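None of the figures in this text is laboratory data; all of them are computed from the coordinates on show. What you see is a predicted model, and the numbers here were worked out from it, not measured in a lab. Here the Cβ is made from the backbone with ideal geometry for all residues, glycine too, and neighbour counts use every protein chain on show.
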Amino acid sequence: MDTKALHTISYGLYVVTAKNGDRLNGQIANTVFQISAAPPTIAISLNKQNLTNEFIQASKQFAVSVLAKEAPLSLIGQFGFKSGREVDKFAGIAYKLSPAGLPYITDNTLAYLEAEVNQVVDAGTHNIFIGSLINAEVLRQGEPMTYAYYHQVKRGTTPKTAPTFIEPAKTTGGSKAAKYQCSICGYLYDPAEGNPNKGIPQGTPFEELPDDWTCPVCGAGKDVFEKVD
Ligand code: FE
């Protein structure tokens with residue numbers, strides 16, 4: 001069996017949000033899909049460990065913000081690699097509340113959808129929430145972010161709790177131009193690419209990054225990076 005076949009499946013990239021009482025939370029998900037048209041019904045698959053899963057189990061509602069291609073890694077890092085149990089995911093994020101009171105992202109978002117859960121399917125590590133659409137709005141025109149674009153062009157990474165996570169290979173030795181991976185979020189620093197968004201030119205070895213350089217995805221310091229093959 002060649003599990004690489006799974007990599008040929010295409011996905012989008014979304015922020016799934018929920019509330020529980022006064023508390024708001026959200027997380028990045030690539031598994032959002034419309035499953036029927038009349039009535040419009042959508043489904044999402046979320047890891048059982050995630051706080052958003054817990055909130056949806058309790059409130060039976062969720063919202064989806066459809067990210068635009070321009071969405072920055074920092075936004076994806078905020079919702080994808082931090083836990084709502086430790087940080088306020090919405091700190092510093094532009095958002096509004098839907099008619100049902102669920103948060104949706106207003107920057108770098110093409111549309112939002114809101115659903116009332118009518119079925120929860122136990123899928124082992126994940127729950128699939130199936131819900132009827134109760135609100136939806138197009139916020140602006142643009143191209144949606146795809147999972148492939150996030151990985152290939154934006155050099156994004158996958159958290160361990162995602163359905164599509166694959167363990168990276170590690171190595172101990174290596175040349176000066178080795179790649180380094182963030183042990184918090186999995187972001188891979190490739191010297192050949194540098195980090196132009198933070199003023200780091202192509203060809204800069206990891207060792208020559210400034211001491212105050214931080215992971216462009218999760219914001220962790222250089223000290224948590226590990227050399228990889
Ligand atoms: Fe990181």
Which pairs, out of LYS96/LYS227; LYS69/LYS89; LYS4/LYS48; LYS19/LYS179; LYS48/LYS96, put more than 29 Å between their alpha-carbon atoms?
LYS96/LYS227; LYS19/LYS179
In this structure, the FRET efficiency calculated for ASP88 and ASP229 from their beta-carbon separation, with R0 = 25 Å, to the nearest 0.05, is 0.10
In whole Hz and in residue order, list the ³J(HN,Hα) couplings for region 58-73 that follow from phi through the Karplus curve 6.51 cos²θ - 1.76 cosθ + 1.60, θ = phi - 60°; x for Gly and Pro.
7, 9, 6, 9, 8, 10, 10, 9, 8, 6, 7, 4, 7, 3, x, 4
Whole Å is fine, so just give me how far the alpha carbon centre of region 95-128 lies from that of region 194-229.
33
Any residue on another chain or 5+ positions along whose placed amide H is under 5 Å from the amide H of LEU139 is listed here as ALA111, TYR112
Name the shape class, rounded, prolate or oblate, that the alpha-carbon gyration tensor gives for region 1-116, where a ≥ b ≥ c are the square roots of its eigenvalues, rounded holds for a/c under 1.5, and otherwise prolate holds if a/b is larger than b/c and oblate otherwise.
rounded
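Taking only DSSP H segments of four or more residues, each worth -39500 (n - 2.57), what value at 222 nm results for the chain once the sum is divided by all its residues, to the nearest 500 deg cm²/dmol?
-2500 deg cm²/dmol
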³J(HN,Hα) computed for each position of region 107-114 - Karplus, 6.51 cos²θ - 1.76 cosθ + 1.60, integer Hz, glycine/proline x
8, 6, 10, 8, 6, 10, 10, 9
Quick one: SER45, SER10, SER59, SER74, fewest Cβ neighbours within 10 Å first, how do they rank?
SER10, SER74, SER59, SER45
Could you give the size of the charge dipole of the chain about its Cα centre, using +1 on the Cβ of each K and R and -1 on the Cβ of each D and E, expressed in debye and rounded to the nearest 20?
160
